[in-house]
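Before any comments, here is the structure.
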């Protein structure tokens with residue numbers, strides 16, 4: 001799934017930027033999941049480009065306890081785990097524009113830190129309320145990766161933040177539940193939400209709003 005012409009560049013980038021090992025934990029199932037096989041293939045191809053990336057594959061039904069432990073509730077799903085589990089989950093096939101989101105997440109998890117401003121880093125340290133960010137994307141949306149990447153960066157920087165990136169095209173019932181009429185759409189703790197690509201400081205303000213309002217935590 002990764003063109004041969006891109007593999008050398010990816011190998012060089014991963015070789016230069018990865019510090020610590022990263023596990024890509026894939027949840028799949030054999031039936032009624034049209035993109036599960038492609039997700040597994042893509043992740044395994046990517047892992048073959050670096051000895052610091054390993055893959056674990058679990059069946060969503062047969063390994064239900066493992067799925068529960070990772071908080072995975074739909075497939076295909078990829079958990080991006082470093083020296084610890086930072087709470088990064090991608091639901092759907094991380095392809096198209098979202099391949100960049102996966103790649104950047106792997107690098108940040110490997111480094112144990114993200115490319116955010118010092119002000120953002122300090123404010124995230126002050127978050128004491130659990131924060132659950134969901135970013136709804138499509139694989140053809142050029143504006144989605146910037147928002148998805150910010151959500152993952154915040155999760156890397158704060159133990160109180162976990163982030164899901166969800167391909168709404170793969171999970172239309174989830175999109176219906178959250179009233180997703182356009183992407184990227186971000187929902188924080190089920191209550192705070194915004195539409196479109198926003199800069200880091202604006203995204204952070206929405207996170208801090210959710211953190212300041214305990215009644216938003218479900």
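General remarks:
- Using the Cβ-Cβ distance between residue 209 and residue 115 with R0 = 30 Å, the FRET efficiency computed as 1/(1 + (r/R0)^6) comes to roughly 0.80.
- Förster radius 25 Å - calculated FRET efficiency between residue 140 and residue 73 (Cβ-Cβ, nearest 0.05): 0.50
- Treating each Cα of region 140-205 as one equal point scatterer and applying the Debye formula with no solvent, the log10 of I(q)/I(0) at q = 0.19, 0.26 Å⁻¹ comes out as -0.74, -1.35.
- Per residue of the chain, the DSSP helices (runs of n ≥ 4 H) give a summed -39500 (n - 2.57) that works out to -12000 deg cm²/dmol at 222 nm.
- Residue of 104, 170, 118 that the Gaussian network model of the chain assigns the largest fluctuation, springs spanning Cα pairs under 10 Å: 118
- Spread of Cα-to-Cα distances over 5 Å intervals beginning at zero, given as percent, for the chain: 1, 7, 16, 20, 21, 17, 11, 5, 1, 0, 0
- Note on region 100-218: Cα convex hull, mean projected area over all directions, 6.8 nm².
- Mean Cα-pair separation over length for region 4-213, i.e. relative contact order, pairs under 8 Å, 6 or more apart, %: 19
- Residue order, fewest to most surrounding Cβ atoms within 10 angstrom, among 39, 120: 120, 39
- Once the Cβ-Cβ distance of residue 202 and residue 176 is raised to the sixth power relative to R0 = 22 Å, the FRET efficiency obtained is 0.25.
- Centre separation in Å (Cα based) which lies between region 42-76 and region 22-40: 7
- Ranked list, fewest to most other Cβ atoms within 10 Å of each Cβ, for 54, 110, 146: 54, 146, 110
None of the figures in this text is laboratory data; all of them are computed from the coordinates on show. This one's a predicted model, so the numbers in the text were calculated from it and none came from an experiment. Because the Cβ atoms are built from the backbone with ideal geometry, glycine has one as well, and the counts that use them run over all protein chains shown.
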